[in-house]
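A short worksheet on the structure shown next.
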Amino acid sequence: MNEQMYHEQRLRVAINRRSSAQPGSVNHRIPPEFLSCSDDGKSCTVRYRLKPEMRNPMGWLHGGVISAMVDMGMGLLVYYNADFHLCPTASMTVNFLRPGRIGGSLIVQSDITFQGHKIYHTTARAWMEDQPDKLVCTATASYIVTPKAVAQDESKKN
């Protein structure tokens with residue numbers, strides 16, 4: 001098995017674990033679909049299907065939903081690269097560039113820019129699937145790696 005296939009299979013496991021961990025949770029209600037990953041597993045692209053209940057009062061994709069989607073995309077990549085340890089978001093900045101359209105799909109590409117023992121820094125770019133040249137947003141975030149005992153206790157609850 002080549003490196004990329006190895007990372008693809010394991011990233012699919014990470015996405016499934018987090019999306020099905022708690023029925024009714026945000027991760028469960030907005031499940032990402034794996035699209036691709038880099039050869040080294042440090043970059044991943046996922047798709048989110050946009051539903052009518054995700055719209056804001058103006059009829060566009062709600063900014064909070066966009067934020068949750070890019071956070072999930074980056075967080076899943078960190079979760080995978082941190083050997084399936086829980087890694088809560090320490091900080092995140094989202095730059096909204098144009099509205100997302102309900103009924104289509106939002107594509108989120110996430111990249112790890114720094115990987116330390118206790119902290120990861122990431123970036124993300126998001127666009128509508130049918131308009132890859134027009135970014136909806138960009139984001140940066142930092143995630144804290146939890147100790148093994150905390151991650152194991154959390155996994156027992158699920």
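Each value in this text was obtained by applying a stated rule to the coordinates, not by laboratory testing. Bear in mind that the values here come from a model prediction, so they are computed numbers and not experimental data. Cβ placement follows ideal geometry from the backbone for every residue including glycine, while neighbour counts extend to all protein chains displayed.
Need one number: the % of Cα-Cα pairs in the chain sitting beyond the 23 Å mark.
Details: 4300 of 12403 pairs.
Tail of P(r) above 23 Å: 35 percent of Cα pairs.
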| message | At 222 nm, what value in deg cm²/dmol follows for the chain if DSSP H runs of at least 4 each add -39500 (n - 2.57) and the sum is divided by all its residues, to the nearest 500? | response | -10000 deg cm²/dmol
| field | Rounded to 10°, Cα long-axis angle of helix 63-81 versus longest principal axis of the chain | value | 20
| What distance in nm separates the simple spin-label points at THR89 and LEU135, each placed 7 Å from Cα in the Cβ direction? | 1.7
| task | Work out how much length GLU53 to SER38 would gain on full extension: take 0.36 nm times their residue separation and subtract the Cα-Cα distance, in nm to one decimal. | result | 2.2 nm
| So what's the angle, to the nearest 10 degrees on a 0 to 90 scale, between helix 3-20 and the longest Cα principal axis of the chain? | 70
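Can you check what the net charge comes to around TYR120, using other residues whose Cβ is under 15 Å from the Cβ of TYR120 (Lys, Arg +1; Asp, Glu -1)? Walk me through the numbers before you get to the answer.
Details: positive: LYS42, LYS118; negative: ASP40, ASP71, ASP83, ASP111.
The answer is -2.
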| note | Amide H proximity to LYS51 below 5 Å, modelled H, separation 5+ or other chain, gives GLY103
